[in-house]
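S.K.: One structure, as structure tokens, below. Some questions next.
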Amino acid sequence: MSPLIMMLIAWGVLTGILIILLIYRSTLTMREDDQLFIDASESHMQQEQMEILQKVNRISPYVKVLGALSGVMILVIAGVAIYQGLNQVQ
């Protein structure tokens, strides 16, 4: 198996994990409200919002790192493919 194919498989797995995390984050924030008007009877809503915010904050660093790695990997893969293509011409 060529190194290019192995890098493409690794990039696909990494990007798949990134997509799953993005979908999970969007489902969390779908239930989040922009503004809450809370009185004593609705204080449980504030607790729910805080839990959602904690979950989103917990996965945000992973999303950033995976996004950066995915971008760098696709650039490296493109560079390797171009390099291999140029070497085949000669």
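S.K.: For segment 65-74, in order, what is each residue's ³J(HN,Hα) by Karplus, 6.51 cos²θ - 1.76 cosθ + 1.60 with θ = phi - 60°, in whole Hz (x at glycine and Pro)?
M.R.: Once θ is set to phi - 60°, the couplings for segment 65-74 become 5, 5, x, 5, 4, 5, x, 5, 5, 5 Hz.
S.K.: When Kirkwood radius over Cα pairs in Å is calculated directly from the model, which label among (1) 17.0; (2) 16.1; (3) 18.7 fits?
M.R.: So the structure-derived entry is (2).
S.K.: Okay, next question. Considering Cα pairs under 8 angstrom that are at least six residues apart, work out the relative contact order of the chain and quote it in whole percent.
M.R.: Relative contact order here is 48 percent.
Each value in this text was obtained by applying a stated rule to the coordinates, not by laboratory testing. Keep in mind the model is a prediction, meaning the values are calculated, not measured.
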